[in-house]
Amino acid sequence: MYGVLTALIPSDEESRRIILAYTAHYTLTLTEPHLAPEGLKYANALRDLLASHLRQAQEAGQIPGREDPESAASIALALVTGLQSSVLAGQYDSPAALALLTAHLDRLFTGPGT
């Protein structure tokens, strides 16, 4: 899960270009509503993949049973999306964004009840 999420944070010129292209495509789906279902297909698949990993971690006792895997996956993706924009805009550099993501995941995986 960590590898999937960290790959979404721009860390060099190539990943920056990839994230910019994805962001442009996603923005197009926001301005052209008929494109939204296609644009959301990949985002939904990624959320479902993360939720599956979280369910497995929950079954292994690595995260609390009270956590809803779908909600936790959605929150992680929302965090990464915000961090992507922040890195692209220069608010954070890649290491700072990765540190924030890691802090969130550490709390999820080591929170009360684990």
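The set of residues from region 42-82 being under 21 Å from Ser15 (Cα atoms) and modelled with pLDDT under 90 comprises Tyr42, Ala43. Looking at region 1-47, which of its residues are charged (D, E, K, R), within 18 Å of Ala73 (Cβ to Cβ) and open to solvent by 80 Å² or more (accessible area, probe 1.4 Å)? Answer for region 1-47, where residues must be charged (D, E, K, R), within 18 Å of Ala73 (Cβ to Cβ) and open to solvent by 80 Å² or more (accessible area, probe 1.4 Å): just Lys41.
Ile19 meets the conditions (1) closer than 18 Å to Ser86 by Cβ; (2) free of Cβ contacts under 8 Å to residues at least 60 places away in the same chain in every case but one. The failed one is (2). The residues of region 100-114 that are part of a helix (DSSP H, G or I) and loosely packed, with under 14 Cβ neighbours inside 10 Å, listed by number, are Thr102, Ala103, Asp106, Arg107, Thr110.
Can you pull out every residue in region 52-74 that is among the hydrophobic types (A, V, I, L, M, F, W, C) and either in contact (Cβ under 8 Å) with a residue 12 or more places away in the chain or at positive phi (or both)?
Matches in region 52-74: Leu54, Ala57, Ile63, Ala72, Ala73.
Of the residues making up region 82-99, those that are surrounded by fewer than 16 Cβ atoms within 10 Å (Cβ to Cβ) and on the phi < 0 side of the Ramachandran plot number 9.
The values are calculated or read from the model by the stated rules, or taken from the named source; none is laboratory data. The model shown is predicted, which means the values in this text are computed figures rather than measured ones. Backbone-built Cβ (ideal geometry, glycine too); neighbour counts: all protein chains shown. For accessibility, only protein heavy atoms count, side chains too; no ligands or nucleic acids. Shrake-Rupley method; radii C 1.70, N 1.55, O 1.52, S 1.80 Å.
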